[in-house]
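The values are calculated or read from the model by the stated rules, or taken from the named source; none is laboratory data. Since the structure is predicted, the reported quantities are computational estimates derived from the model, not experimental observations. In this analysis, Cβ positions are derived from the backbone assuming ideal geometry, glycine residues included, and neighbour counts consider all displayed protein chains. Only protein heavy atoms, including side chains, enter the accessible area calculation; ligands, DNA and RNA are left aside. Shrake-Rupley method; radii C 1.70, N 1.55, O 1.52, S 1.80 Å.
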Amino acid sequence: MPLEGLGAGIVLHPATVRYVAVRSDHDLTELSSRASRLRYLDGDGRVVHEGPCRFRFTSYRALYRALLDCFDRRRYHLGMRVEGFECDGDGVTVKVDGGRMERCDLLVCADGIHSSARRLLLPEVEPRYSGYVGWRGTVANASHRELLATLRDAITYFVMPSSHILAYPIPAPGSSSQDGESLTNWVWYRNVAAGSDLDELLTDREGKPHAVSLRPGLVQPRHVEALRGVAGERLPPVLGMVVGDTVDPFVQAVFDIEVPRMAFGRVCLIGDAAFALRPHAAAGTAKAAADAWALGEALQAAGGDVAAALEQWERRQLAVGRRVFQRTRDAGERSQFENTWPVGAPLPFGLYETGDSELP
């Protein structure tokens with residue numbers, strides 16, 4: 001089965017949608033919702049800063065489906081786990097479930113923050129917990145008409161000591177921006193101490209511990225009720241209502257991952273397998289897409305010489321990854337620990353530099 005139910009909202013960057021724009025007939029305006037205003041609220045819900053912006057947002061499901069439509073399904077093998085691989089001068093032998101062996105010229109490991117490939121190639125690189133988590137969820141705007149006055153066509157922020165929350169529109173499942181059906185997607189960053197506090201939060205309703213996140217429906221009810229209680233006490237009324245009315249909020253611990261290398265003979269790491277970025281620059285998906293696009297360009301430029309292509313590609317993408325990694329880390333430290341994120345500050349959204357995520 002194709003992937004479902006992973007993630008929620010995604011800020012679109014030109015790099016994120018380049019493949020869809022070039023290789024498909026999808027209308028990007030139908031895959032996304034637009035925000036033309038950046039708003040900061042105070043604790044009473046009053047707008048204390050407002051300015052223009054040009055951001056587009058989508059959902060994981062919408063973007064994944066659009067990309068999947070571009071790909072030959074006969075070459076996309078679902079439900080197959082890579083168990084190991086061996087690289088030689090002529091190619092890579094990959095072992096998958098059941099002992100099946102596959103041979104390829106290049107192995108691209110895009111297996112995310114939990115990357116088993118990274119553990120094999122760089123066992124010394126471990127995820128570093130940032131000290132906080134992101135609570136996430138969505139509510140349907142159709143059943144919350146009062147939301148529209150404050151949150152319509154905007155990305156909305158509320159900054160408080162050692163925490164902040166943002167909300168923005170995304171298309172509802174099965175709809176487009178042209179239909180007028182949308183969800184309000186929210187993310188609330190809250191500090192949680194490493195150790196027993198984090199372990200308990202990431203233990204699901206069945207008592208099973210998880211390393212990074214809990215999907216909707218898995219968070220223990222007492223944690224959800226505690227979240228709703230704090231939302232009612234600390235958030236502006238409109239955002240408190242958004243959090244309180246979310247049926248199944250879910251939670252993701254925020255980690256830093258930075259690799260010293262991305263290329264290993266005929267094997268490479270891309271996306272979160274190489275650099276796991278804090279979400280504040282809204283660049284994680286864009287970074288993965290940019291890695292893949294740049295890899296294709298490097299292979300073409302090298303005439304299919306995999307080793308030469310990876311050498312050039314790695315140099316460029318390591319530089320991109322290191323810059324955005326530091327920028328997202330700095331943004332998280334300012335907002336969650338230093339309390340130096342001023343109300344009205346421009347958003348740090350962007351891959352190559354702040355501000356390059358805007359789309360018409």
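Points to keep in mind about this one:
- Residue within the stretch 168-179 that is without any contact (Cβ under 8 Å) to a residue 60 or more places away in the chain, within 18 Å of D153 (Cα to Cα) and in a loop (DSSP other than H, G, I, E, B) present: yes
- Matching residues, the stretch 105-114, being open to solvent by less than 50 Å² (accessible area, probe 1.4 Å) and at pLDDT below 95: G112, I113
- Residues located in the stretch 95-126, provided they are in contact with a His (Cβ under 9 Å, 6 or more places away or on another chain) and more than 11 Å from F85 (Cβ to Cβ): none
- Residue count for the stretch 68-104 under the criterion of being among the aliphatic types (A, V, I, L, M), more than 16 Å from S115 (Cα to Cα) and touching a residue at least 12 places away in the same chain (Cβ under 8 Å): the result is 3.
- Screening the stretch 1-43 for residues that are among the β-branched types (V, I, T) and open to solvent by less than 60 Å² (accessible area, probe 1.4 Å) and picking the one that is modelled with the lowest pLDDT gives T29.
- Verdict on D330 being open to solvent by less than 70 Å² (accessible area, probe 1.4 Å) and either assigned to a loop (DSSP other than H, G, I, E, B) or within 26 Å of G45 (Cα to Cα) (or both): no
- The one condition in (1) of a type in the set (V, I, T); (2) open to solvent by less than 70 Å² (accessible area, probe 1.4 Å); (3) farther than 24 Å from G91 by Cβ that V306 fails to fulfil: (3)
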